[in-house]
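Heads up, the thing below is written out as structure tokens.
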């Protein structure tokens, strides 16, 4: 178990690690695994402030547990969809080679549902553009949808159509996957792979040839540092004078539970003017016989959900100025966005939130009743959306700050968990170039990039 890995922190006069990773979520764990397995680096270390691995946004209670492949995510362009598909395949390839596969990834049918003539037309066009790149994708009419998801197709007056994938891995327990990465990294021979839990990083200092990382359990030293700590990555970067052109907009998502009204994942078409995830319904891999609907989208002034101690940290990375205000003005001047954000504030108010959310959930299950819907208390995390001050706009994708001097800061909102091994590959190459170490590319390609038989 990961809990047995906790060791005492090495103090200042200890050895210098080759690479030290701050953050034990799915991104940090994936990088630790790749460095241990595919490079000749020998001294690796990971620090996690909590007492267990992947206990925040990577935990299944705080995300949709979805393996994003770009096929049913209508906010993805074809180019991005193809890129995400490749990184998702890396996760599948890894899982198929470890004995715990069936507790890491799961097969559910998935589809994106179009309701009404406009959305149906959009999905039909998308199918023609995407079908050659996603051979498992099918275009389903009402009768075919009813066979897979009966409650999606009933009581409909409007036209419906769906793009569906019926026989692929679609769900991941990212908490379990992160622990698997850690376990596999520690199995590598002739490597010192240290994992220190309950270790809070207080400051990072650059010396001539290494970094000193001051923590609640002592001081560590490393030739290269990677910070993969969610929204806190920006906080650490700005303390060192990097990433000052970014501000952070923490977006919290909440969910609602129903009985198992869906057999698989059902997404809805993303609205063009909304930079937030459209509602979807998913089986919950952690809660049997339940369907989870969401997420809602609410701006909260904290870097961790349900943790008021991070309000001060948010204020330090928010760094408001006229450029940030310009981004907010551009958002709120769009009536669709303004109404959406106001509605999502109401979704957090007890007594009325179920009634309000029911209207949205009925786009997926028309006959859903209020009695079937319950607020998922304590479920849902926070995703850091970066505000690019230079361009005065939201940066909805991943952000990597690489000053080129032996330290990287990663902010990886969705689909960061799906892309964990792909993002780790990029960091591994940067580290190899900086430290002049070797990557076993043949082994990497054969294990993670080549299709594995089931």
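The values are calculated or read from the model by the stated rules, or taken from the named source; none is laboratory data. Keep in mind it's a predicted model, so treat the numbers as computed, not measured. Quick reminder, even Gly has a Cβ in these numbers, built from the backbone with ideal geometry, and neighbours come from all protein chains shown.
Quick one: in the stretch 254-267, of everything that is outside any loop (DSSP other than H, G, I, E, B) and over 19 Å from the mean Cα position of the chain (by Cα), which residue is surrounded by the fewest Cβ atoms within 10 Å (Cβ to Cβ)? Top of the filtered list is 259.
Please tell me if residue 251 is in a loop (DSSP other than H, G, I, E, B), buried (at least 19 other Cβ atoms within 10 Å of the Cβ) and within 20 Å of the chain's Cα centre (by Cα). In short, no. Do you know which residues across the stretch 202-220 are within 14 Å of residue 46 (Cα to Cα) and either crowded, with 21+ Cβ neighbours inside 10 Å or in contact with a helix residue (DSSP H, G or I) (Cβ under 6 Å, 6 or more places away or on another chain) (or both)? Across the stretch 202-220, the qualifying residues are 213, 220. On inspection, residue 116 does not qualify as within 29 Å of residue 256 (Cα to Cα) and under 23 Å from the mean Cα position of the chain (by Cα).
Counting only strands (runs of 3 or more DSSP E) wholly contained in the stretch 355-442, the ones carrying 3 or more residues that are under 20 Å from residue 295 (Cβ atoms) occupy 382-388. In the condition set (1) over 30 Å from residue 113 (Cβ atoms); (2) not in a loop (DSSP other than H, G, I, E, B), residue 243 is compliant with all but (2). The residue pairs whose first member lies in the stretch 314-340 and is assigned to a helix (DSSP H, G or I), whose second member is surrounded by fewer than 12 Cβ atoms within 10 Å (Cβ to Cβ), and whose beta carbons are closer than 6 Å, counting only pairs six or more residues apart or on different chains, are 336/273.
Among the residues making up the stretch 269-282, those that are in contact with a strand residue (DSSP E or B) (Cβ under 6 Å, 6 or more places away or on another chain), within 14 Å of residue 66 (Cβ to Cβ) and surrounded by fewer than 22 Cβ atoms within 10 Å (Cβ to Cβ) are 278, 279. Within the stretch 284-299, the set of residues being within 18 Å of the chain's Cα centre (by Cα) and either farther than 14 Å from residue 375 by Cβ or without any contact (Cβ under 8 Å) to a residue 24 or more places away in the chain (or both) comprises 284, 285, 286, 297, 299. Hey, among the residues in the stretch 138-175 that are in contact (Cβ under 8 Å) with a residue 24 or more places away in the chain, under 22 Å from residue 366 (Cα atoms) and out of contact with any strand residue (DSSP E or B) (no Cβ under 9 Å at 6 or more places or on another chain), which one's surrounded by the fewest Cβ atoms within 10 Å (Cβ to Cβ)? Here the residue is 155. Contact map, the stretch 205-219: residues that are free of Cβ contacts under 8 Å to residues at least 60 places away in the same chain paired with residues that are crowded, with 19+ Cβ neighbours inside 10 Å and not in a loop (DSSP other than H, G, I, E, B), Cβ distance under 7 Å, separation 6+ or inter-chain. Pairs shown: 205/211. Being at pLDDT 90 or above and surrounded by fewer than 20 Cβ atoms within 10 Å (Cβ to Cβ) holds for only one residue in 377, 343, and it is 377.
When residue 191 is tested against (1) crowded, with 20+ Cβ neighbours inside 10 Å; (2) within 21 Å of residue 225 (Cα to Cα); (3) touching a helix residue (DSSP H, G or I) at 6+ places or on another chain (Cβ under 7 Å), just one condition goes unmet, and that condition is (1). Only a single item in (1) more than 29 Å from residue 83 (Cβ to Cβ); (2) buried (at least 20 other Cβ atoms within 10 Å of the Cβ); (3) touching a helix residue (DSSP H, G or I) at 6+ places or on another chain (Cβ under 9 Å) is not met by residue 199, and it is number (3).
If the requirement is being over 28 Å from residue 253 (Cα atoms) and modelled with pLDDT of 95 or more, which of these qualifies: 4, 39?
Exactly one of 4, 39 is over 28 Å from residue 253 (Cα atoms) and modelled with pLDDT of 95 or more, namely 39.
Being outside any strand (DSSP E or B) and within 21 Å of residue 198 (Cβ to Cβ) is the filter here; which residues of the stretch 27-53 pass it?
Within the stretch 27-53, 27, 28, 29, 31, 32, 48, 49, 50, 51, 52, 53 qualify.
When restricted to residues that are part of a loop (DSSP other than H, G, I, E, B) and under 16 Å from the mean Cα position of the chain (by Cα), the stretch 63-96 contains 10.
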